[in-house]
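The values are calculated or read from the model by the stated rules, or taken from the named source; none is laboratory data. Everything quoted here is computed from the prediction, not taken from an experiment. Cβ placement follows ideal geometry from the backbone for every residue including glycine, while neighbour counts extend to all protein chains displayed.
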Amino acid sequence: MRYNFLYILFFIGLFSACREPFEPEIDPVDLDVLVVEGYLDSEGLPSELSLSLTSNIQNDGFTNNLVNGATIYLENALGARFSLTELGGGKYEFAHDIAESDVYRLRIFLQNGVSYTSEELRPIITPDIIDVGFDKNEDGVEIFLTTKGDENADDFLWTYEETWAFRPPFTSLDKYVPDTQEIVPRTEEERIDRCYLSRPNSDLLLETSSRFEDQFVFRQAIRQINQGDERLSLRYSILISQKAISKDDVEFWEILKENSDDLGSIFSPLPSIIGGNITMDQNPDAPVIGQVSLGVVKQERLYIDIREVAPWPAEVEEYFGCVMEPDTVLVANYDQFFRTGGNIPTTPIFLDNAFVPIGYRYAAASCVDCTRRGSNVKPDFWEDF
């Protein structure tokens, strides 16, 4: 069965690589191939496992269906079980501090009765991150780290999560209240002039420490932020996770990285060669795509403030074309201009020696309200400059 699967995927890869559309006359094949991805932390740091199933092969390629409702646990040689908690969206969380001298297997039970088991997993102790830092260059800012491998940890996988504060082009400290047809100050919780965006990365960063003298990995490039990127327009944070992995893990991630970099998907053109360390209990020859790793995750967080990289003129596509309207909306016209929320009052206009504005200038909500792109709630971990 596995060889048939390989041939099917090979020819689909060839068809998708052609410049002109080619539509082979084949019936859809229901592969239902389990896709598993995750690095489980053995010291209790919450970590995630992702499950999905490929659906029918159609002319438009693969579709991944998230797998919910699975029962998953890690089991040691004595039968002790450490369950994963379902988070939704095909995600399952592992948060157990387990003995790092034991050997484990991951067990996965789907709702349709099909089950899967991993090969033996031995926790790998990841060395500490020695240093994280950044350099500003003519292209922008490069973020790097330094670490050192040892006899138990030679290969590394790095991932990161980014969070940054940003401001919209125009500030509004006031809001229009339709019920009273008045403009009043915003409360602190209603502020829309500073927000936060977070993004996980999809890059695969791999390195082998034995390539370097004394296994010293010096200033490994993690992230390049190009000049003008909004991320550094106010304040930026990156949480870097360092994971020691096995040689089998390296082979899996290198193939995945090659497919992702070249073709944008782990399924094109030859996902069959990815394989992994998971097998179906009912049919060990059935194709499964995925690699589960077990070890200690080391993390470091770095902040970069605009004052450390200025000047940094940001170019934000979402704000191209934003302008402050030149006309003043008088009090009598507030409801006409502001009721729908499409426009937001920005600048109060006063006559000489007056304490009450005669009206407001305004701008489109998309140019004023940062909550349309992010959250105005400061993250729990956030540290201001």
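Per the listing THR126, THR171, THR147, the residue uniquely part of a strand (DSSP E or B) and closer than 27 Å to GLU383 by Cα is THR147. Per the conditions (1) under 21 Å from THR146 (Cα atoms); (2) outside any loop (DSSP other than H, G, I, E, B); (3) of a type outside the set (S, T, N, Q), the sole criterion not satisfied by ASP203 is (2). Within the set THR163, THR171, the sole residue that is over 30 Å from ASP335 (Cβ atoms) and polar (S, T, N, Q) turns out to be THR163. For LEU121, the test of being more than 20 Å from SER366 (Cα to Cα), surrounded by 15 or more Cβ atoms within 10 Å (Cβ to Cβ) and more than 25 Å from the chain's Cα centre (by Cα) is passed. Within the stretch 155-168, being under 21 Å from the mean Cα position of the chain (by Cα) and over 27 Å from PHE252 (Cα atoms) holds for THR163, TRP164, ALA165, PHE166.
Test GLN242 against the stated conditions and say whether it is of a type outside the set (Val, Ile, Thr) and either farther than 30 Å from TRP312 by Cα or buried (at least 18 other Cβ atoms within 10 Å of the Cβ) (or both). Considered against the rule, which asks whether it is of a type outside the set (Val, Ile, Thr) and either farther than 30 Å from TRP312 by Cα or buried (at least 18 other Cβ atoms within 10 Å of the Cβ) (or both), GLN242 comes out as yes. Tell me, please, whether a residue that is surrounded by fewer than 16 Cβ atoms within 10 Å (Cβ to Cβ), touching a residue at least 24 places away in the same chain (Cβ under 8 Å) and within 30 Å of ARG223 (Cβ to Cβ) can be found in the stretch 289-297. No, every residue in the stretch 289-297 fails to be surrounded by fewer than 16 Cβ atoms within 10 Å (Cβ to Cβ), touching a residue at least 24 places away in the same chain (Cβ under 8 Å) and within 30 Å of ARG223 (Cβ to Cβ).
Okay, residues lined up against (1) modelled with pLDDT of 95 or more; (2) within 19 Å of the chain's Cα centre (by Cα):
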| position | (1), (2) |
| --- | --- |
| ILE238 | yes, yes |
| PHE252 | no, no |
| THR279 | yes, no |
| ILE289 | no, no |
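Scanning the stretch 291-316 for residues that are under 17 Å from TYR39 (Cα atoms) and at pLDDT below 95 yields a single hit, GLN291. So ASN152 clears everything in (1) over 30 Å from THR71 (Cα atoms); (2) in a strand (DSSP E or B); (3) over 24 Å from the mean Cα position of the chain (by Cα) except one condition, right? Which one? The one condition ASN152 does not meet is (2).
Filtering the stretch 84-112 to residues that are polar (S, T, N, Q) and either buried (at least 16 other Cβ atoms within 10 Å of the Cβ) or out of contact with any strand residue (DSSP E or B) (no Cβ under 9 Å at 6 or more places or on another chain) (or both) leaves SER101, ASN112. All conditions in (1) under 30 Å from ILE245 (Cα atoms); (2) crowded, with 19+ Cβ neighbours inside 10 Å; (3) touching a helix residue (DSSP H, G or I) at 6+ places or on another chain (Cβ under 7 Å) hold for TYR160, with the sole exception of (3).
Residue by residue through the stretch 169-213, note down the ones that are over 33 Å from the mean Cα position of the chain (by Cα) and either in contact (Cβ under 8 Å) with a residue 40 or more places away in the chain or buried (at least 17 other Cβ atoms within 10 Å of the Cβ) (or both). Listed by number, the residues that qualify are ASP174, LYS175, TYR176, PRO178, GLN181, GLU182, ILE183. The set of residues in the stretch 357-385 that are of a type outside the set (Phe, Trp, Tyr), in a strand (DSSP E or B) and crowded, with 16+ Cβ neighbours inside 10 Å comprises GLY359, ARG361, ALA363, ALA364.
When the criteria are applied in full, ASP285 meets the requirement of being charged (D, E, K, R), over 30 Å from CYS195 (Cα atoms) and part of a loop (DSSP other than H, G, I, E, B). Among the residues of the stretch 256-274, at least one is in contact with a Leu (Cβ under 9 Å, 6 or more places away or on another chain), of a type outside the set (D, E, K, R) and at pLDDT 75 or above.
Among the residues of the stretch 75-98, at least one is out of contact with any Lys or Arg (no Cβ under 6 Å at 6 or more places or on another chain), closer than 18 Å to ALA244 by Cβ and of a type outside the set (A, V, I, L, M).
Considering the stretch 298-341, and only residues there that are in a strand (DSSP E or B) and either more than 20 Å from the chain's Cα centre (by Cα) or acidic (Asp, Glu) (or both), the residue that is surrounded by the most Cβ atoms within 10 Å (Cβ to Cβ) turns out to be VAL329. Applying the set (1) of a type outside the set (D, E, K, R); (2) in contact with a Lys or Arg (Cβ under 9 Å, 6 or more places away or on another chain); (3) modelled with pLDDT under 95 to PHE355 leaves exactly one unmet item: (2).
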